[in-house]
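The values are calculated or read from the model by the stated rules, or taken from the named source; none is laboratory data. None of the values given here were measured: they were computed from a predicted structure. As a convention, Cβ positions derive from the backbone with ideal geometry for all residues, glycine included, and neighbour counts pool all protein chains shown. Surface areas here come from the heavy atoms of the whole protein model, side chains and all, with no ligands, DNA or RNA. Shrake-Rupley method; radii C 1.70, N 1.55, O 1.52, S 1.80 Å.
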Amino acid sequence: MTQELHPDFRTDLPDTEYFIFGTGKYTAAIQWSQAEGATPFGFTIWEPQHLPRKWGTYFYHPEYGLERTQLRVIIDGITYEPRRENLKVEPIFTNGKAQFVVTWLAGEDDSIAIREEFTGLTFSPFLLRHIRIVSPKPVTALVETSLYCNPLLFSRFASSPSGLEAAGHSTIRLMPDITPIAGERTLSFLLESPQKELQLLYEVGVKEQKFYEPHEFSKAVFNTEMQWQLSSKVEIPGKLGADLGRLLNLATTGLRGVVAESGRFDASVWQYGFEWVRDAAAVAEGLLYAGDFETASSILEHATRRLSNDNGETAEASRFRGGMQSELDANGFLLYAWKTYYDWSGELLFGLETNWLRLKSIADYLLRDEFAHESGLLVSEREIWERGASAGIRRGFDVSHQTMAIVGLRAASEFAEWMKDEESADRYSEAALRIEHAMLHHPTHSLVEDGYIRKRRLVDGTLQTEISRDGISIGSDFVPKNMPLGSEGVHRLEPDVAQLMPILYGIVDGDSELARKTIEQCESLWSQVWETGGYGRYDISGEPDSPGAWPLATMWMAEAYTLCGNEAKAERALRWLIEKGGRSGAWSEFYGERPTPPLPPRGILVWAWAEYVKLVVKYLMGAHITERGLATKPIIAGATALFRFGNGLTVEAF
């Protein structure tokens, strides 16, 4: 017989959802699966500072998968565990906190319900698992739980009447609120009527065991309630509106759950194990719209101090490439996110004085001679989706780089004014105007042609509309042979949803003819060679690694259609997002086949949660900044919302 990992190691299990939450100290994921061989219900924990794969999380076991996180309930000598056919997971957002309720049935006639409530306590190392047995008649049950931690990470285990402990890479303790029967790695509890409840407390990452005073738990509960009171809330009439609001809560919960206290997070859960400044900035922006200024601030500080350097370079895949391989749009994303933070929080000087020299270097990097061109545009050999020369991208001007440089330099100009640096303020403002004019109006190098915004123009003035396979390492880890870009034929560079960026960032009026024709060009990205809907990020013939529909791309299209007033197309995109979000709201990076290895497994793209929050708050609810503060203009009749703005205040939208 061959040796194999338990199927739970897979991130792409069919008919499987993941409910993600956490506290900054840890991230937790509940797995609800109908897949054959997978654990129907299980959960795992990790510390988000470490960016693991799924099989590197704390409760994944090579032989058992997540099975040992399930309860075993013995009634009248018969052992019951969760089964696919009688199991459901439901997120509930009430009483100032998010709970994930797992319900499964036991007893000879399935008349006994086992209800498990999972709650993360904000800014604490605690996860609560409250267990309740609901029976129409008196019942005696023996409930057994265990602590089987990943042997790759944990090598020391202890058991006592006070609970279970695993130590090694980190430390985890499982502590009950009633005295158990302690086994080697198990705890058993005899629950007799009227005692039908049990609370398990998981403590993650605290090396030294300590005695917790009641006020410490009270503080954690208070922090949790306050965080949710300040969260953005929307109420939209009808079934569609209810789903949109539910996904907003789940996206907010997911964002908070995956970001470490330091501001660090894996760009795609269980996938990359790397960080990107672009993603960090987008996630910080989404958290601001969600009402979580604190987590947004930690991300911005981390991205500025640790994911950029004194030269002004920004990290992608946790490394600095520099030169023509620079992702220039990332610099603009970060500057724009800082501006959004100041606009929404009202804390104009928070972090600016201590970070000004670094932010200035990030802005100055865009204006280096190596990226300058006589047209006024910025030149490079990369684009927003990270394709470079090795994937057929030729030296030229990318629409994403120009767009984000414009909005980023505008933001930097405002920062410079606040810092009384008039020379820099003028320089950045003039550069933003120069790039914008060249992008839209230059006689030979404009990124507008045939009445719509184009993806990329080369330094010789010609458009790059196709990718040549010359110089591409077909069959490499980056372009496997069975990917579209690795096959023979024409490989198109357009359309690409990045062509929408000047519209989405307010450089081009969303109701203009230029915007309408650009959006029309991108419409062909819907359901290209698949039948399940959704938009690809660009023409699939140029895809080196992720062929299929992308939630992020679909959100951009929904935003664009909202701006141009095409309600039918916007609603179609929203309904697709609701369908793919399922009960958990954890969107896969894309929906399609990816060979793993050599490519990494599909994960849960964190940016998608942030972009969804932005879609709801900024586009559907029409939240925008004016000279008088935050204003709203919902596009859906009867919609109401509460947003955090300024010093803890909220604005109601009608």
ask   = Considering only GLN402, THR23, LEU240, whose Cα is most displaced toward the positive end of the charge dipole of the chain, charges sitting on Cβ of Lys, Arg (+1) and Asp, Glu (-1)?
value = THR23
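Which value in deg cm²/dmol, rounded to the nearest 500, describes the helix-derived mean residue ellipticity at 222 nm for the chain, given -39,500 (n - 2.57) per DSSP H run of n ≥ 4 and division by the residue count? Can you show the working numbers first?
Values: 13 runs with 189 residues, N = 654.
Here the helix-only value at 222 nm equals -9500 deg cm²/dmol.
Could you check how much of the accessible area of the chain is carbon and sulfur, as a whole percent, using a 1.4 Å probe? Please report the intermediate quantities before stating the final value.
Working: 12630 of 25430 Å².
Reported share for carbon and sulfur atoms: 50 percent.
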ask   = If you place +1 on the Cβ of every Lys and Arg and -1 on the Cβ of every Asp and Glu, how big does the dipole about the Cα centre of the range 258-409 come out, in debye to the nearest 20?
value = 320 debye
ask   = Counting only the heavy atoms of the protein chains, how much of PHE154 is accessible to a 1.4 Å probe, in Å² to the nearest 10?
value = 10 Å²
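List the relative contact order of the chain as a percent without decimals, with contacts defined as Cα pairs under 8 Å and 6+ residues apart.
Numbers: 1442 pairs, mean separation 78.5, N = 654.
It rounds to 12 percent for the chain.
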task = Report which label in (1) 1.12; (2) 0.99; (3) 0.96 holds the value of Rg/Rh (Cα atoms, Kirkwood Rh) derived from the coordinates of this structure.
result = (2)
request  = Could you list, in their original order, any pairs among LYS360/LYS633; LYS88/LYS233; LYS339/LYS633 whose Cα atoms are separated by more than 27 Å?
outcome  = LYS360/LYS633
ask   = Using 7 Å Cα-to-Cβ label points, what is the ARG84/LEU152 separation (nm, one decimal)?
value = 2.6 nm
key: Candidate residues PHE9, PHE217, PHE21: accessible-area rank, largest first, probe 1.4 Å   = PHE9, PHE217, PHE21
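Using a 1.4 angstrom probe on the protein heavy atoms only, line up LYS196, LYS219 by accessible area, largest first.
Details: LYS196 45, LYS219 135 Å².
Of LYS196, LYS219, the descending order of accessible area is LYS219, LYS196.
Ignoring ligands, DNA and RNA, how do LYS614, LYS420 rank by accessible area with a 1.4 Å probe, largest first?
Values: LYS614 10, LYS420 165 Å².
The ordering from most to least exposed comes out as LYS420, LYS614.
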inquiry  = For the chain, take the longest principal axis of its alpha carbons; what is the angle in degrees between that and the long axis of helix 399-418, to the nearest 10 within 0 to 90?
reply    = 90 degrees
remark   = The alpha-carbon center of the range 355-434 and that of the range 150-205 are separated, in whole Å, by 53 Å
request  = Once every Cα of the range 104-193 carries one equal point scatterer and solvent is ignored, give the base-10 log of I(q)/I(0) from the Debye formula at q = 0.12 Å⁻¹, two decimals.
outcome  = -0.47
message = Using a 7 Å offset from the Cα along the Cα-to-Cβ direction at both VAL101 and GLU192, what is the distance between the two label points in nm, to one decimal?
response = 2.9 nm
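Report, in debye and to the nearest 20, how large the dipole of the range 285-355 comes out about its Cα centre when Lys and Arg carry +1 and Asp and Glu carry -1 on their Cβ.
220 debye
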ask   = Relative to the first principal axis of the alpha-carbon coordinates of the chain, what is the inclination of helix 551-564, with its axis defined by its Cα atoms, in degrees from 0 to 90 and to the nearest 10?
value = 50 degrees
ask   = How big is the range 387-428 on each of its three principal axes, counting only the C-alpha atoms and giving the largest first in Å?
value = 44, 14, 12
remark   = Sparse-neighbourhood loop hits (GluC sites (Glu not before Pro), the range 359-450; DSSP loop; Cβ within 10 Å at most 13 others) -> GLU374
query = Accessible surface of ASP450 in the full protein assembly, 1.4 angstrom probe, to the nearest 10 Å²?
reply = 100 Å²
request  = Any chance you could check the Cα centroid distance between the range 534-573 and the range 483-524 for me, in angstrom?
outcome  = 10 Å
query = Within straight cross-link reach of LYS455, meaning Cα distance under 21 Å, which lysines are found once same-chain residues fewer than 8 apart are removed?
reply = LYS517
task = May I ask you to list the GluC sites (Glu not before Pro) in the range 48-131 that are in a DSSP loop and have at most 10 other Cβ atoms within 10 Å of their Cβ?
result = GLU108
remark   = With no solvent term and unit scatterers on the alpha-carbon positions of the range 191-259, Debye gives log₁₀ I(q)/I(0) at q = 0.26 Å⁻¹ of -1.17
inquiry  = I'd like the accessible area for HIS437, computed on protein heavy atoms only with a 1.4 Å probe and all protein chains in place. Round to 10 Å², please.
reply    = 110 Å²
query = Cα centroid distance between the range 584-649 and the range 247-297, in Å?
reply = 11 Å
remark   = Taking a straight Cα-to-Cα line shorter than 15 Å from LYS420, and setting aside same-chain aspartates and glutamates fewer than 8 residues away, one finds GLU353
